[in-house]
Amino acid sequence: MKYPQTKLPNVGLTIFSKMSALAAEKGAINLSQGFPDYQGPQALLDSVAKQVAAGMNQYAPMNGMPALRRLIADKVERLYGRSLNPDTEICVTPGATEALFSAIASTVRAGDEVIIFDPAYDSYRPAVELNGGVPLSLPLLPPTFAIDWEALRAAISPRTRMIIVNTPHNPTGQAWSPEDLDALEAAVRDTDILILSDEVYEHLIFDGLEHQSMNRRPALAERSFIVSSFGKTYHVTGWRVGYCVAPAVLMSELQKVHQYVTFNTHTPLQCAIADFMQQEPDYPLGLGEFFSNKRDRLARGLAASRFKLLNSSGTYFQLVDYTAISDLPDDEFVLWLLEAAGVAAIPLSPFYQNGLQTGCVRLCFAKQDETIDRALEGLCRV
């Protein structure tokens with residue numbers, strides 16, 4: 001039998017899967033893949049068992065449990081001042097990645113251009129390509145990884161269907177300013193360009209900064225799919241529960257895809273999250289301090305190392321420059337580091353379409369203090 005030609009010739013096993021597997025094989029400390037090594041809130045975990053015992057085990061509505069959608073609407077209005085219709089403008093999805101995919105699949109047609117800022121989360125480009133779109137990469141460069149808004153304006157053409165943005169930004173840890181929202185709003189004014197805004201780290205922002213959500217600007221919100229993640233917010237990444245908000249006309253299109261990709265999201269988990277949100281509505285507001293303390297613990301320890309830290313204003317990632325230690329390409333350096341320090345990190349080059357070498361790797365500090373301290377012992381040894 002002759003099998004069909006691959007639709008994604010440049011895609012293989014993700015670097016996250018590779019490094020996590022190597023960390024497990026070598027018994028190394030895993031600061032590579034972005035997930036905590038501690039539990040989420042106990043009340044949230046306990047609620048799952050209660051929901052299962054109460055019989056919340058059948059299909060949920062396609063767009064999510066009504067109570068959870070109402071609480072999402074309340075949160076968005078409370079934090080960003082935007083009023084949402086929970087029945088027509090919110091959809092709960094099995095993870096943020098499904099929301100990202102469904103937003104792309106529902107609006108991008110063959111030949112449409114989609115602008116992506118590199119380095120970028122690795123699911124964006126394959127989703128665009130699978131749907132016949134043409135990814136157009138604009139590089140963000142160290143040390144600031146700031147967007148070149150003039151380059152964006154120059155890249156926009158009649159074929160531009162969508163711009164994908166991400167703040168706070170994985171993998172760099174950068175966060176947008178109000179001036180960035182101004183620049184994006186100006187760039188898309190008088191166009192029909194859509195925005196896909198990946199805001200899964202919306203509550204993980206530091207140093208007194210405010211998250212600059214598309215929800216804050218009506219002129220941006222009216223053209224945006226805005227995606228967030230309960231897994232990131234509540235330290236339960238394996239639950240795969242996210243959501244998207246969008247104007248009703250865009251949400252209707254997303255749901256046409258969503259209903260045939262996954263249809264709905266785990267019922268008892270939705271109910272448990274809704275229950276916890278009612279009990280602890282302000283829980284996300286403490287995450288900035290919680291994670292900045294972990295960032296600072298890592299930074300203090302690395303002061304005694306040869307790594308140079310770049311700014312991290314959000315997420316739970318820290319980029320470090322290793323050029324004082326080695327001139328190896330980053331994908332080779334992380335393998336060396338695994339052996340020499342017993343710590344798994346993520347190279348930055350796979351986040352760039354062209355594999356750009358920056359001399360930087362990414363560390364995840366969503367770890368117990370003891371894990372960070374053990375990692376520091378190895379990182380300061382090299």
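Please work out if A155 is aliphatic (A, V, I, L, M) and in contact with a Leu (Cβ under 9 Å, 6 or more places away or on another chain).
So A155 fits the description; yes.
Among the residues of the range 82-99, are any in contact with a Lys or Arg (Cβ under 6 Å, 6 or more places away or on another chain), more than 30 Å from L379 (Cα to Cα) and not in a loop (DSSP other than H, G, I, E, B)?
Just the residues of the range 82-99 that are in contact with a Lys or Arg (Cβ under 6 Å, 6 or more places away or on another chain), to begin with: 86, 90, 94-95.
Narrowing the set further to residues that are more than 30 Å from L379 (Cα to Cα) leaves 86, 90, 94-95.
This time we only want the ones that are not in a loop (DSSP other than H, G, I, E, B), so: 90.
There is at least one residue in the range 82-99 that is in contact with a Lys or Arg (Cβ under 6 Å, 6 or more places away or on another chain), more than 30 Å from L379 (Cα to Cα) and not in a loop (DSSP other than H, G, I, E, B).
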(Q) Are there helices (runs of 4 or more DSSP H) fully within the range 214-283 with at least 1 residues that are more than 26 Å from Q51 (Cα to Cα) and not basic (K, R)? List them. (A) 218-221, 248-261
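Pick out the one residue from A299, A345 that is without any contact (Cβ under 8 Å) to a residue 40 or more places away in the chain and either in contact with a Lys or Arg (Cβ under 9 Å, 6 or more places away or on another chain) or aliphatic (A, V, I, L, M) (or both).
The match here is A299.
Kindly indicate whether S17 is small (G, A, S), closer than 27 Å to E129 by Cα and part of a loop (DSSP other than H, G, I, E, B). Working first, answer last.
Working: small (G, A, S): yes; closer than 27 Å to E129 by Cα: yes; part of a loop (DSSP other than H, G, I, E, B): no.
The answer is no for S17.
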(Q) So, in the range 285-312, exactly how many residues are assigned to a loop (DSSP other than H, G, I, E, B) and more than 16 Å from P168 (Cβ to Cβ)? (A) 5
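So that you can scan it fast, the table gives a plain yes or no per residue for (1) of a type in the set (D, E); (2) under 24 Å from P171 (Cβ atoms); (3) touching a helix residue (DSSP H, G or I) at 6+ places or on another chain (Cβ under 8 Å):
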site	(1), (2), (3)
A49	no, no, no
P66	no, no, no
I72	no, no, no
T88	no, no, yes
P94	no, yes, no
A105	no, no, yes
E113	yes, yes, no
P126	no, yes, no
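Considering the range 101-143 alone, what residues qualify as being among the β-branched types (V, I, T) and not in a strand (DSSP E or B)? Let's see the steps before the verdict.
First, pick out the residues of the range 101-143 that are among the β-branched types (V, I, T): 104, 107-108, 114-116, 128, 134.
Answer for the range 101-143, where residues must be among the β-branched types (V, I, T) and not in a strand (DSSP E or B): I104, T107, V108, V128.
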Q: Just need a number here: residues in the range 45-71 that are among the small types (G, A, S), under 23 Å from Q255 (Cα atoms) and part of a helix (DSSP H, G or I).
A: 1
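Can you report the number of residues in the range 348-382 which are free of Cβ contacts under 8 Å to residues at least 12 places away in the same chain and in contact with a Leu (Cβ under 7 Å, 6 or more places away or on another chain)?
Here is the first cut: in the range 348-382, the ones free of Cβ contacts under 8 Å to residues at least 12 places away in the same chain are 355, 370, 377.
Checking which are in contact with a Leu (Cβ under 7 Å, 6 or more places away or on another chain) leaves us with none.
Number of matching residues: 0.
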Q | Matching residues, the range 205-258, being in contact (Cβ under 8 Å) with a residue 40 or more places away in the chain and hydroxyl-bearing (S, T, Y) | A | S213, S228, S229, T233, Y234, T237, Y243, S252
Q) Does Y124 satisfy the criteria of being closer than 23 Å to T265 by Cβ, aromatic (F, W, Y), at pLDDT 95 or above and surrounded by fewer than 20 Cβ atoms within 10 Å (Cβ to Cβ)? A) no
Q) Do the conditions hold for D180, that is, is it closer than 26 Å to T107 by Cα, at pLDDT 95 or above and part of a loop (DSSP other than H, G, I, E, B)? A) no
Q) Among the residues of the range 337-344, is any more than 13 Å from L379 (Cβ to Cβ), touching a helix residue (DSSP H, G or I) at 6+ places or on another chain (Cβ under 7 Å), modelled with pLDDT of 95 or more and not assigned by TED's automatic domain parsing to the domain that holds Y124? A) no
Q | Per-region count, the range 34-66, residues of a type in the set (S, T, N, Q) and buried (at least 18 other Cβ atoms within 10 Å of the Cβ) | A | 3
Q | The listed residue being closer than 27 Å to L309 by Cβ and surrounded by fewer than 16 Cβ atoms within 10 Å (Cβ to Cβ), out of P119, P143, P171 | A | P143
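The values are calculated or read from the model by the stated rules, or taken from the named source; none is laboratory data. Quick caveat, the model's predicted, so the values are computed rather than measured. Because the Cβ atoms are built from the backbone with ideal geometry, glycine has one as well, and the counts that use them run over all protein chains shown.
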